[in-house]
Each structure stands twice: as C-alpha cells, then as structure tokens.
Amino acid sequence: MNNFKDTYNTYYKLVYRFAFKFLGDHDNAADITQDVFLHLYNQLKLKREIYNIKAWLYKVTSNLCMTFLNKNKRITKQDYEKLAAYEADNEKNIEVVEALKKMNKRDRILLTLYSEDISYKKMADITGIKFTSIGKTLSRALKKLKHEMERQQQQMHV
Amino acid sequence: MKWKDNNSKCMSDEMIQIYIDNEIDAFEKAGMEKHFAECKNCNRRLYEHKKMISDFKQSISLVNIESIEIPEFKYEKTPVIARKKHRLFYWKWAAAAVILIASSLFIHEKLNTNSQNDVQYIIFDMSSEVDANKPLHEQTMSIYIIDKSGKQIETIINNL
Ligand SMILES: [Zn+2]
C-alpha cells in the first residue's frame, strides 16, 4: 500500500485544515482526519477505484464532519459548561472560525468548501444542494457570516 | 450615455455572486459587464460583494495548521467518530444491547434497502443524555449507517 502512504502524507494537512475550519477544534480535527484516512485505507483494500483523490477526500471529510456534528448535537448542559470552560482556557480561535460555529450546518459546510476554492459543481455534489441554488445559498451564507462577525466584534468592545 | 439600460434588469445578489465566482457562461458575463458599466447602483453592490468575499477568504486564510505534525497512520478497525465522547458505563452497554436486539430487525431492513449504497460502518451510540435515574425504556440510542463516501445514509433514533 505504498500508494496509501504517499496519499496520507501528501493530503494529511489538507484534510486536517478542512476539518479544523469546520469544527474549530484541534482534537476533533485530528480525529476526523484519522477517520477519513481509515476510510480511504478500507476503500483501497477493497480495490475500489478513486478517480479524483482530492475531490474524494473533500467529500468524505465533509460527510464525516456533518456526521460528527449530528452525533454531538444532543449535548447536555453540564457537557456544555465543561466545554465552555475548556475553550476559555485554550487560546482563542480565529474570529471567522468562531463565527462559522454559529452558522447552521449547511452554511458552515458550504463556506468551508468555498474557502478551499471548490467549484459550484463539486459543492453541489458534496452538500446535496442543487447546483442552481449554490450561488444564492452562498451569497446568503456570506452575508450571515459577515453579520455574525460584526456582532462578535461589537460584543468584544462592550 | 444612459445610466441604465431599460433592457437589462438590475442584478440580484445571487447573480453578483455567480459573476464574481466566474460560474457563468461568456454570453451572460458580457451582458452583466455591460450592466455594471451602466448602472451605478449595481456597480457599487459588485464592489461591496467583492469586498465581503475577499474579507472572508482573507480571514479564513489565517487558519494555519502547517506546524502540526503528521502522526504515523494507525490502522484501527473502529473509526474514532464511533468511539469517542461516550465512555459508557457497563449498565449502559447492557441497555444498549437490549435496544439493539429490539431494533435489529429494523436495522436489517434498512441495510437491505441501502445495500446499493455500500454500507461502510454502522455506529451505535447511546445518547449523551443517558440518565441513570431514568428507566431503561426512556433511554435513547442512535444508530448511524455510514456509506462508502462517509455520508450518513440513515439515522435511526430509537426510543424503546
Ligand atoms: Zn443595476
């Protein structure tokens, strides 16, 4: 599986960066990255062809990130408080990553893909949003994000 | 020169977005360029929209993970997503087993209908809200079926 090893080393950071932008957390980004490559490993072992490795990785990473959020959406109040305390202890994240966390999942994944300069066609394929709706959804999501960032900045200066 | 060509309508945000991302054909593009040249209002909106996009790309480019080390790949049978966050007590596993048996027929059907999607993993997950004070039948368990692209093709939330 030399092929796998090369791919792993070449694309590890690409997958990690994507997961980090989306989840805003290093531990979880590392976990998702491990899962993405485990997935790849299993596919290669089954001798399944992957034609466009980069596109495939973006797709699987997006899907696993979404699954991760779904899985953790029912979070208890205590968990939430622990998480908040943990986050306060850690270095503050980049503003835009924090703002992204406030968006709904669909906008969040779309903007993360957009930040990687992915074509509308691929975005549609990955998110399941209709190709003809990508422009509109994207434009709205960007506006919402801008407002969220402005809101965060105002709070900081109060 | 007229400020506005009556034949061409003002642009929607969507059109401006698509124009900036160059996701339109050459004919449409030419029409839009003509309009931007003639309509002061759309021209201003184009400028603002471009700025919004470049601000976004600029700020997200600050995410820098270059310093992280690439760990050695470890082959593990179970994906992390299925393992983490839920360190269950033994009694929760017992509860999970009961729910699992009760729902196995249901899962079996789901797997059959999804066989063309190449099921890759099945994740069983006791709810994080599991509460020791609640009786067993009020506990929730989620079952996720993940396909070969990592997509969640089925989510079964089970309340016995
Ligand atoms: Zn106009």
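The values are calculated or read from the model by the stated rules, or taken from the named source; none is laboratory data. Only a predicted model underlies this, so the values are computations on that prediction, with no experimental measurement involved. Methodologically, a virtual Cβ is constructed for each residue, glycine included, from the backbone with ideal geometry; neighbour enumeration extends over all protein chains shown. With ligands, DNA and RNA removed, areas are computed over all heavy atoms of the protein, side chains included. Shrake-Rupley method; radii C 1.70, N 1.55, O 1.52, S 1.80 Å.
Brief remarks on what is shown
- Residue, nearest to the ligand (Cβ to nearest atom), within the range B:44-58, restricted to residues that are free of Cβ contacts under 8 Å to residues at least 12 places away in the same chain and open to solvent by 70 Å² or more (accessible area, probe 1.4 Å): B:Arg44
- Condition broken by B:Ala37, with the remaining ones in (1) within 16 Å of the ligand (Cβ to nearest atom); (2) among the aliphatic types (A, V, I, L, M); (3) open to solvent by 60 Å² or more (accessible area, probe 1.4 Å); (4) within 21 Å of A:Glu116 (Cα to Cα) satisfied: (4)
- Scanning the range A:7-29 for residues that are surrounded by fewer than 16 Cβ atoms within 10 Å (Cβ to Cβ) and touching a helix residue (DSSP H, G or I) at 6+ places or on another chain (Cβ under 7 Å) yields a single hit, A:His26.
- Options A:Asn72, A:Asn90: the member that is at the interface with chain B (Cβ under 9 Å from one of its Cβ atoms) and at pLDDT below 85: A:Asn72
- Residues of the range A:26-60 satisfying the condition of being more than 17 Å from A:Leu113 (Cα to Cα) and among the charged types (D, E, K, R): A:Asp27, A:Asp31, A:Asp35, A:Lys45, A:Lys47, A:Arg48, A:Glu49
- Checked against the criterion of being in contact with a helix residue (DSSP H, G or I) (Cβ under 7 Å, 6 or more places away or on another chain), part of a loop (DSSP other than H, G, I, E, B), more than 10 Å from chain B (Cβ to nearest Cβ) and modelled with pLDDT of 90 or more, the range A:54-62 contains not a single residue that satisfies it.
- Looking across the range A:107-143, the residues that are farther than 24 Å from B:Asn64 by Cα and of a type in the set (Ser, Thr, Tyr) come down to A:Tyr120, A:Thr127, A:Thr132, A:Ser133, A:Thr137, A:Ser139.
- When the test is whether a residue is modelled with pLDDT under 90 and either away from the ligand (no atom under 16 Å from the Cβ) or assigned by TED's automatic domain parsing to the domain that holds B:Asp147 (or both), B:Glu72 does not pass it.
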